[in-house]
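Single-structure report; data block below.
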Amino acid sequence: MLQAMRTGVASWVAKGILAIVVLSFAGWGVQDYMNASGPGGGGNVAAEVGDQQIGINELSQAYRTELRRNNLQSVDSETARQLGLARRTLDGMVTRALFDAEASALGLTATDAMVRQDIQSTDQFRNQFGSFDRELFQNTLAAAGITEQSYVAGVRNDLSRQQLLSAAAAGTSASPALVDALFQYHGARLSAVSATVPLPDAASVPAPDEGDLQAFYDANKDSFQLPEFRRLSYIHLAPQDLIEEVAVPEEEIQATYEARRDTYTRPERRALQQLLLPDEETAQRAAAMIEEGRTIESVAEEIAGVDPAGLDLGTFTQGEIPDETLAETAFALPEGGVSEPVQGAFGWFLVKVTSVEQGAVTPLAQVRDEIRNDLALDEAIDAVYDLSKRIDEAFGEGLTLEETAERVALPVKTVDAVSRQGRDPAGEPVEGLPPGVSFLETAWNTPAGEASFLEETANNGYFVLRVDEVMAPRVPPLSEITERVEDAWREDRRDALAEERAEVLADAARNGGSLRQAAEAEGHALTEIDGFGRDGGGDQGNLPRALATALFDLEVGGIDYAADPEGGYVVAEVTGRTPASEAADASLRENIAQSLAAGLQGEIVDELAAALRTRFDVTVNEGVVDRVY
């Protein structure tokens, strides 16, 4: 909540209510609105609001826009139907239509100036300089197949609706007492001192006996449940497996090397110093001083008042230097050499080469295998594609997986048990599966006893699989997972021992006067933490989030502890409390007030929508809505 308040609350009318009811086509984006066709008639009407109709095409477009906006494109139709996603979209459109009807009944309208300002402020119609571009506006509308007249009418309706909502919620504000209470609640800061109680070494925990293991297993059976596993048989085609079988002529390797010579060439690089001078006379005088044995650094200070550190240009290849004259001059000098005065793009200068990194060309012998494999891979990809067509043909003839593999001279690979996450019953990754997520997705979308279609992998390979067996989730007997249970018991015991030590430390601190004294007596290092907030603001040091929040319920001197997500426990004592401060958090009070006002305004608009449903007839055709899925 606090983060939202700190971010600030934008205009409620423009960004709050219009968003939640899928109101304006401007909110959809121009393209989405333009693709939404009219309501249609008869059996294609999803809803009627007064004399307005919402057609199936309009609903379908809005529904898909909402899926994209909320990253729900992957939701299947049945799940979307169960969640009522299309109906929720329609409810928003009905609310929009109710507001339109009321705005029309009240005679609310937008002036031409209001419409013009709204259109000219739309980012989609602004050029690279941030100005409204009429040609861009017209081209965008034309590309989407809508007339300027229709678009202007839509904007006018949006603005009329905004007038209604603005009037309905005008003057709404939160109680100053409530704002102040929340300001004090969220703006307060604490200081604390803390000590970490680590987990004991695993070796220090005594081994469990059979009774301990059985009791722990019985109490935690659900945590030992194995997921569903599947036994699979499959054929996998991978271009990489065929690379060694492909013959690549030597002349083709040589030709490819020559074509890639630039890739294998490391150009010469030079570290340079440049002394810029105001005119030729000064440049000549500087050159003479260097000729007499002076350093370029001392000359720069004396003649030009330049800090020697400002002479360094960096290290460049010749092509990386934008001033062509400077580049040619610098790369004509020997290492350590200083040029004569030269006039370049930025005036007269002297340049010195302080070091040279020689260029080099990687010989063919060093990259032969790389080139050969690249060329072989191209041919292997073609060969795999040809094999995939033969596999498709074999399945089309009704051959089994094994018969198909025999025809194309490929092995049938098997996996005895693999989970949806690609792990075996021991929890280890199953090695050698086709790469990418599509293999396991296909395995879990294929019924037991059936073969999948031929699928492509991310690296230009193919696979086809058969699900030989589906093994339902189960809790294995203790005898089958004794080691796993013992490891879990040991970790649980380590945590319990650490918690006991944390509780002892906290009790000692409460009874002895302070955590500082108790921690020092037990040999625990202390951490000072100053000025952290209830909702995560400020430096919380080593405090777990839950403990930092819990400390706000304590008085100064109060002590509590909590588990550390990294392992072990943290014990903390409140050492100071600072009330909320306008100076320290100037925007917090205003943002709280705006947030509360937005909530109240939302309630008013909800009540308005409910009232309008009694004033205007609303009819929904559930059969048409269901067709959207």
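The values are calculated or read from the model by the stated rules, or taken from the named source; none is laboratory data. Values in this document were obtained by computation on a predicted structure and should not be read as measured data. Don't worry about glycine lacking a Cβ; one is built from the backbone with ideal geometry, like all the others, and counts go over all protein chains shown.
Scan the stretch 271-283 and give yes if some residue there is over 14 Å from PHE349 (Cα atoms) and at pLDDT 90 or above, otherwise no.
yes
With (1) buried (at least 16 other Cβ atoms within 10 Å of the Cβ); (2) in the same structural domain as GLY449 (by TED's automatic domain parsing); (3) among the aliphatic types (A, V, I, L, M); (4) under 40 Å from the mean Cα position of the chain (by Cα) as the list, and LEU401 as the residue in question, which single condition is left unmet?
The number of the failed condition is (4).
Report whether or not ARG613 is free of Cβ contacts under 8 Å to residues at least 12 places away in the same chain, surrounded by fewer than 16 Cβ atoms within 10 Å (Cβ to Cβ) and basic (Lys, Arg).
Answer is no for this residue.
Any chance you could count how many residues in the stretch 218-236 are farther than 22 Å from MET471 by Cα and in contact with a Pro (Cβ under 9 Å, 6 or more places away or on another chain)?
Qualifying residue count for the region: 1.
Is at least one residue of the stretch 476-491 among the hydrophobic types (A, V, I, L, M, F, W, C) and free of Cβ contacts under 8 Å to residues at least 60 places away in the same chain?
Checking the stretch 476-491: not a single residue is among the hydrophobic types (A, V, I, L, M, F, W, C) and free of Cβ contacts under 8 Å to residues at least 60 places away in the same chain.
Pull out all pairs, ordered by first then second residue, where Cβ-Cβ is under 6 Å, the residues are six or more apart or on different chains, the first lies in the stretch 52-81 and is under 17 Å from MET93 (Cα atoms), and the second is part of a helix (DSSP H, G or I) and of a type in the set (Gly, Ala, Ser).
These pairs meet every condition: GLN52/ALA97; TYR63/ALA86.
Residue-by-condition table, conditions (1) closer than 30 Å to LEU596 by Cα; (2) surrounded by 12 or more Cβ atoms within 10 Å (Cβ to Cβ); (3) assigned by TED's automatic domain parsing to the domain that holds THR109; (4) among the acidic types (Asp, Glu):
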position: ASP133; (1), (2), (3), (4): no, yes, yes, yes
position: ILE146; (1), (2), (3), (4): no, yes, yes, no
position: GLN162; (1), (2), (3), (4): yes, yes, yes, no
position: ALA181; (1), (2), (3), (4): yes, yes, no, no
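For the list (1) touching a strand residue (DSSP E or B) at 6+ places or on another chain (Cβ under 9 Å); (2) within 13 Å of ALA192 (Cα to Cα), I need the number of the one condition that THR549 fails.
Unmet condition: (1).
Which numbered condition trips up GLU469, out of (1) assigned to a helix (DSSP H, G or I); (2) exposed (fewer than 15 other Cβ atoms within 10 Å of the Cβ); (3) in contact (Cβ under 8 Å) with a residue 12 or more places away in the chain?
Against the list (1) assigned to a helix (DSSP H, G or I); (2) exposed (fewer than 15 other Cβ atoms within 10 Å of the Cβ); (3) in contact (Cβ under 8 Å) with a residue 12 or more places away in the chain, GLU469 comes up short only on (1).
For ARG493, only one of the following conditions fails: (1) surrounded by 15 or more Cβ atoms within 10 Å (Cβ to Cβ); (2) in contact with a strand residue (DSSP E or B) (Cβ under 8 Å, 6 or more places away or on another chain); (3) modelled with pLDDT of 95 or more. What is its number?
The single condition ARG493 does not satisfy is (2).
Taking the stretch 404-457 only, how many residues are more than 17 Å from VAL384 (Cβ to Cβ), of a type outside the set (A, V, I, L, M, F, W, C) and either out of contact with any strand residue (DSSP E or B) (no Cβ under 8 Å at 6 or more places or on another chain) or not assigned by TED's automatic domain parsing to the domain that holds PRO239 (or both)?
Selection size over the stretch 404-457: 8.
Within the stretch 449-466, take every residue that is small (Gly, Ala, Ser) and exposed (fewer than 12 other Cβ atoms within 10 Å of the Cβ) and give me the one that is nearest to PRO227 (Cα to Cα).
GLY449
Scan the stretch 448-466 for residues that are outside any loop (DSSP other than H, G, I, E, B) and of a type in the set (Phe, Trp, Tyr) and jot them down.
Listed by number, the residues that qualify are TYR462, PHE463.
Any residue that is under 28 Å from the mean Cα position of the chain (by Cα) and closer than 30 Å to SER173 by Cβ - is there at least one of those in the stretch 562-582?
For the stretch 562-582, residues under 28 Å from the mean Cα position of the chain (by Cα) and closer than 30 Å to SER173 by Cβ: absent.
From the list GLU441, GLU500, pick out the single residue that is exposed (fewer than 15 other Cβ atoms within 10 Å of the Cβ) and either modelled with pLDDT of 95 or more or of a type in the set (A, V, I, L, M) (or both).
Sole residue among the options that is exposed (fewer than 15 other Cβ atoms within 10 Å of the Cβ) and either modelled with pLDDT of 95 or more or of a type in the set (A, V, I, L, M) (or both): GLU500.
Answer yes or no: is there a residue in the stretch 191-211 that is under 30 Å from LEU454 (Cα atoms) and among the polar types (S, T, N, Q).
No - not one qualifying residue is present in the stretch 191-211.
Could you list, in sequence order, all residues of the stretch 108-131 that are out of contact with any Phe, Trp or Tyr (no Cβ under 8 Å at 6 or more places or on another chain), outside any loop (DSSP other than H, G, I, E, B) and surrounded by 10 or more Cβ atoms within 10 Å (Cβ to Cβ)?
MET114, VAL115, ARG116, GLN117, ASP118, GLN124
Taking the condition of being of a type in the set (D, E, K, R) and surrounded by 21 or more Cβ atoms within 10 Å (Cβ to Cβ), how many residues in the stretch 88-99 meet it?
Selection size over the stretch 88-99: 1.
Given the stretch 1-99, what helices (runs of 4 or more DSSP H) lie entirely inside it while holding 1 or more residues that are of a type in the set (D, E, K, R), modelled with pLDDT of 50 or more and in contact with a His (Cβ under 8 Å, 6 or more places away or on another chain)?
In the stretch 1-99, there are no helices (runs of 4 or more DSSP H) which contain 1 or more residues that are of a type in the set (D, E, K, R), modelled with pLDDT of 50 or more and in contact with a His (Cβ under 8 Å, 6 or more places away or on another chain).
Please tell me if ALA572 is aliphatic (A, V, I, L, M) and surrounded by 19 or more Cβ atoms within 10 Å (Cβ to Cβ).
In short, yes.
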